[in-house]
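The values are calculated or read from the model by the stated rules, or taken from the named source; none is laboratory data. On a predicted model such as this, the values are computed, not experimentally measured, just so you know. All accessible areas refer to the heavy atoms of the entire protein, side chains included, with ligands and DNA or RNA removed. Shrake-Rupley method; radii C 1.70, N 1.55, O 1.52, S 1.80 Å.
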Amino acid sequence: MARHKPIRVPSPAFERFLTAPRPSPRLPVRDAALLAIDLETTGLKARSDMILSIGAVEVRRGLVEVGTAFHQVVRPDDAALPAETGATIHGLGHDRLAEGVPLPVALDHLWEALAGKALIAHGAALERAFLDRACRRLYGERFKAPVVDTLTVEQRRPAQRRDGGTGQGGLRLDAVRRRYGLPRYRAHHALSDALACAELFLAQVAHAGDAPLLKRFLS
């Protein structure tokens, strides 16, 4: 595949994200600013697939700050978007996608929210890959942020194997939430998945014991 040259979209929001002080790994989790995010995409390959929507919500003082939640549908810049990709999996048909915002606009909202925070995601390698691809293409920069992967946190649990979490699908977001007694939410919607991930993280922190430090959860 041909390598795309950076478009170099000017983005003060991205510059503020790059220069904002990051939370210290030595902070207690309750004192750290975090942002749970989820990306819905056309597939799992960051080099060829596209971001369809972004959902995010802040976590502060051991609480999910629901009032900070946002959801952005992204208007694709590729006319070859398969008709079934958004509608059947994410509930995003072509009409809904056409009403979305361009990716740089959606990302600016994300950079403003993520500045100075650690990112939380479930299976964060996907979010990292797509955000890194977008940053390289739009700004000629790497995506860099402290990351908490709730899937990795769960894999590290000593009791995880005894709980049967390594079975087929046992590490999916919904399956892990059930082990903590958390309710089931609609899947494959960026905002509900971000909220679900934020709640799962707080359950994992509570399970970890007294005042754990952020570094215990960083991937």
Completion exercise
Ignoring ligands and nucleic acids, residue 105 exposes an accessible area, probe 1.4 Å, in Å² to the nearest 10, of 70 Å²
Exercise for the section: First obtain the Kirkwood hydrodynamic radius of the stretch 91-219 from its Cα pairs, then insert it into the Stokes-Einstein equation at 10 °C and 1.306 mPa s, and state the resulting D in µm² per second as a whole number. Expected result: 97 µm²/s
Handout entry: Residue of 123, 67, 93 that the Gaussian network model of the chain assigns the largest fluctuation, springs spanning Cα pairs under 10 Å
Key = 67
Practice task
Between 12, 158, 104, find the one with the highest GNM mean-square fluctuation for the chain; connect C-alpha pairs within less than 10 Å.
Solution key: 158
Problem - the chain, accessible surface, carbon-and-sulfur percent (1.4 angstrom probe) - result: 52 percent
Practice task
Could you pull the Cα extents of the chain along its three principal axes, largest to smallest, in whole Å?
Solution key: 49, 39, 35
Completion exercise
GNM of the chain, Cα pairs under 10 angstrom: of 35, 119, 131, the biggest fluctuation goes to 131
Completion exercise
Applied in sequence order to the stretch 117-125, the curve 6.51 cos²θ - 1.76 cosθ + 1.60 (Karplus, θ = phi - 60°) yields integer Hz couplings, x standing for Gly and Pro, of 10, 8, 8, 10, 8, 9, x, 5, 4
Handout entry: Structure-based [θ]222 nm, the chain - -39500 (n - 2.57) summed over DSSP H runs of at least 4, per residue, nearest 500
Key = -10000 deg cm²/dmol
Practice task
Provide the percentage of antiparallel DSSP beta bridges, counting only those with both residues in the chain; round to the nearest 5.
Solution key: 70 percent
Completion exercise
For the chain, averaging the sequence separation of alpha carbon pairs under 8 Å that lie six or more residues apart and dividing by its residue count, the contact order in percent is 29 percent
